[in-house]
1. Output the relative contact order of chain C, whole-number percent, from Cα pairs under 8 angstrom with separation of 6+ residues.
2. Starting from the Kirkwood Rh over alpha-carbon pairs, what translational D in µm² s⁻¹ does the stretch C:175-245 have by Stokes-Einstein at 4 °C and 1.567 mPa s?
3. Taking the Cα centroid of the stretch B:294-345 and of the stretch B:233-254, what is the distance between the two, rounded to the nearest whole Å?
4. Using Cα springs under 10 Å in a Gaussian network model of chain B, which residue among B:MET223, B:MET111, B:MET318 shows the largest mean-square fluctuation?
5. In a GNM of chain B with a 10 Å cut-off on Cα contacts, which of B:HIS50, B:HIS158, B:HIS329 has the highest mean-square fluctuation?
6. Roughly how crowded by other chains is peptide A:18-30, in terms of the mean Cβ count from those chains within 10 Å of each of its Cβ atoms?
7. Once the Cα atoms of the protein assembly as shown are picked out, what are the Rg and Dmax in Å?
8. Using a cut-off of 20 Å between alpha-carbon atoms, which lysines can reach A:LYS116, once sequence neighbours fewer than 8 places away in the same chain are excluded?
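Just so it is clear, none of the values below were taken in a lab; they were calculated from the coordinates. Only a predicted model underlies this, so the values are computations on that prediction, with no experimental measurement involved. Neighbour counts run over all protein chains shown; Cβ positions are idealised from the backbone, glycine included.
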Amino acid sequence: MFLRNCWYVGALDHELLDGKLLSRRLLGEHVLLYRGESGQVIALNDRCPHRGALLSHGRLEGDAVRCMYHGIKYDSLGKCVQIPGQDMIPPKLRVRTYPVVERGPFVWVWMGEPTKADPAVLVDLPYLLDPAWKGLPAYLHYAANYLLIVDNLSDFAHLAFVHTRTLGGSEEYAYVSKPTTIERLERGFRVERWHLNSEPPPFHKKVIRDKHVKVDRRNIATMLIPGIFTMETLFAPAGQGAREGNLAGARQYRNCQFMTPETERTTHFFWSYLNDFEGADTTISRSLLGSLIEGFMEDKAIIERQQQTLEEDPGFEMLAILADAPLAHFRRVLGKLIEAEQAGTPSQASAGQLVSGQSGAPRSVTTAGH
Amino acid sequence: MFLRNCWYVGALDHELLDGKLLSRRLLGEHVLLYRGESGQVIALNDRCPHRGALLSHGRLEGDAVRCMYHGIKYDSLGKCVQIPGQDMIPPKLRVRTYPVVERGPFVWVWMGEPTKADPAVLVDLPYLLDPAWKGLPAYLHYAANYLLIVDNLSDFAHLAFVHTRTLGGSEEYAYVSKPTTIERLERGFRVERWHLNSEPPPFHKKVIRDKHVKVDRRNIATMLIPGIFTMETLFAPAGQGAREGNLAGARQYRNCQFMTPETERTTHFFWSYLNDFEGADTTISRSLLGSLIEGFMEDKAIIERQQQTLEEDPGFEMLAILADAPLAHFRRVLGKLIEAEQAGTPSQASAGQLVSGQSGAPRSVTTAGH
Amino acid sequence: MFLRNCWYVGALDHELLDGKLLSRRLLGEHVLLYRGESGQVIALNDRCPHRGALLSHGRLEGDAVRCMYHGIKYDSLGKCVQIPGQDMIPPKLRVRTYPVVERGPFVWVWMGEPTKADPAVLVDLPYLLDPAWKGLPAYLHYAANYLLIVDNLSDFAHLAFVHTRTLGGSEEYAYVSKPTTIERLERGFRVERWHLNSEPPPFHKKVIRDKHVKVDRRNIATMLIPGIFTMETLFAPAGQGAREGNLAGARQYRNCQFMTPETERTTHFFWSYLNDFEGADTTISRSLLGSLIEGFMEDKAIIERQQQTLEEDPGFEMLAILADAPLAHFRRVLGKLIEAEQAGTPSQASAGQLVSGQSGAPRSVTTAGH
């Protein structure tokens, strides 16, 4: 059971180069994504309504696509426009379409009621369009339900134990630092955490010169419905008062991660990790990409094993600790939205993905680091 | 749910060479096929009734087979004839047998009520026994329900799009030619289609000298219950009036394909593609065998993906176009026969596989090309 | 459905060397087995009750283990003793523990109600602790329900057909020899079988000098709940009256095999095959280990195929022959014990694994060969 009336990342722009007919399962449905010759990105159900053959195995013709089983052709609105050997086209022979919005390198797809699709409710991530921020957007596949990834990202303590030698830096992070702020948002949560006077973590050490200068580290994370995670990371020289506003010599990162359900048990995971101190080449971005993949692989092993555990024993009930308050809130909010959507009575919260942002929090978070 | 009271191809003769105990699943049942020392082909349920071990892992002894778990021996009628260490043989210790008929290179098995098995109702394909027709019978496995293969063979338009560069020749075939005749048969259908003044398709070009002489191409296909497809193909020099009967210089093929369900989701696919202009060696047959496999692989990719689509979404309903009339008829007839068989009231149609043939059509089709 | 209130072999001692956190599924449950720094073997449910991560992917700390997802630590009693970043520890945050007994190279685990665990009811196999008997304990995994392995071991006739060229020696074994005694025990059965004046079987020939001297061969096998098989094997020079007590020049083996359900469809198979004539090195033990593995592979192919057959057709009912009397008795006894355990009214028989031994049989069997 997924929330359908919202935007999900369906692809990265470079996946649609050169007329590629990309077949990707989103929320259990097979979707064909392609950039038509007009330049427009089009999303159709990837199933010829005639005999169920994959349109992604078909042929791009302008903005239209032809099924290469019996040659039936559909335009970008999903309308059948040709049946070889037959003149009359039955109006029922239509392919379902999905609204699409491109924003930076990400292609967003609306999986619910098309008439409700509103680009204005898309999460606003200005650094994705700002040339001062550099990064290399990327993709990973998880054999796990997307909410297990949401959970993972909801408690920073795992940085200390899972990512000690990659993204975390030391187990101390879990013992010494605590969230300074946890905010419940209408469509998610926001957590801020400072770790003062600490060793820079390995991924950061790799891209800076003064590897042994201690840092004051701040992470501000937000998680929004349906599975949109952003994190602003700041490393300032320790002791100069970064927490009080002195950001001289600070290094900053902007991280956005998008979890899109493929099925109930698998997930598409898109992300970009950006920095504001890249030179003219892409060496820093590439180093960060490598570090992030290294770290995600550590998560992936745990999360995919959790999925197996839950499948084997659906009766297993997790026991919450205090640090689980944000994820518990997230699941509660999501559950209510799905329930309302199923009942056909969209709550006010589901009207827009940024309702909570409009109440101040996530949007202000997004810019808090500037 | 399968129609059981009919003949299915279970094996090719060369598969039973040299005492081979061939284990093959037919209609969901594990069947052991072997040629006993008497020369007779025998089909037994491939499961020792004692502990369920495979008899195909046992040992051939004359026309009998011994289970090599505890040494119990069964004769060609399935009767237990020896239990090592035990004198009295319980009469219940029997293996189920299946009636078998050999016809040319094909071994046919009756999967229903043994007393109803009648070799006389076997489809009559004289070219299989006629030395003037040469071919190399072969086998492929499909991870798809057999009816999806029946469907595939029911609409020639797919030749144009799936097999453009192998069996089809051009997309024109779908636009220009149309079935001249579609006959509904009591146990299937018959379709005739002419494509005049066309390029010879690639598989034919490979085995003829004058590759650029245009041809008048005629296909006559029949599909019979439970999944017996035959096609007579004729290529005559274009414009000489082949359609009116002038077959001078024509090249002919006889094609028979047999779909036998392995399970609800997998199929054994046997075929032979014969020609009447082979020289003393087998070069033409081998070229045709290669071309056919190339073409079937194109079908297989589509059909197996259809199977996946249907398994993932059992609610998916295909939408028929005009060209689907024959397959719709076939499924209707088959459905009724299965229903009658399940209800225990065999309709007249199920009395013989050739009832429809006796009413004239398929038999006349089979010989129409001579 | 398994009998839970009894001891099962969970591991071999060498599997727990050097702080290994061994994850093994027993009776469907994921169990973590490890030797703590105190030397004690500990068995915990292998699932952190917080988010379900595997404790076996965690870190050994003394006798305790730390989950390396969020750093939560549990002691050897399953009690949570640390949550990084949280002072109060909720008492519900506990891991289930399993009683453990070590006996020779085998680690036994009690999978039922911990308070009922009694080391005194463990099967008594003195040769496992007697330095005069040498062997190399080993492990195999079976993709089959453990009772199919019990069945296999219950009828020696399979030696003749499955193991002709390895453990059996000739098909004659099935025709000529018969069980001399079959005893029904309260928790299993005991079978004795003599095969007089026979060729030594291949596995034995490999480790003796006079390979062509005929032997009188005696096997005494017992099978006990839940899946404990022992066999005493004796080869004496033929004709000297071994059956009447003259064991001069005899060679003896002690064999114990333990079937522990992993799941309903898979089994852990532990064994040791011991001899009393080994020299100072391990050549004889290693030869026997090789022979046994060779033989078990022959069984495994059959048994795993049986499992598939039963999964495909749960309606298949095996038909018993006379030789199946012991296994039928075993399944009946086991069925009653499981039923009583499920109903919460443990029968007397379930009070101890050696109740039947106490009535004389299995214990006297165990020593009968001395």
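1. Rounded, it is 18 percent for chain C.
2. Details: Rh = 13.3 Å.
Here the translational diffusion coefficient equals 97 µm²/s.
3. Here the two parts' Cα centres lie 33 Å apart.
4. Looking only at B:MET223, B:MET111, B:MET318, the largest GNM fluctuation is found for B:MET318.
5. Most flexible of the set in this elastic network: B:HIS50.
6. Partner Cβ neighbours, averaged per residue: 1.
7. For the protein assembly as shown, the Cα-based Rg and Dmax read 36.4, 100 Å.
8. The qualifying lysines are A:LYS336.
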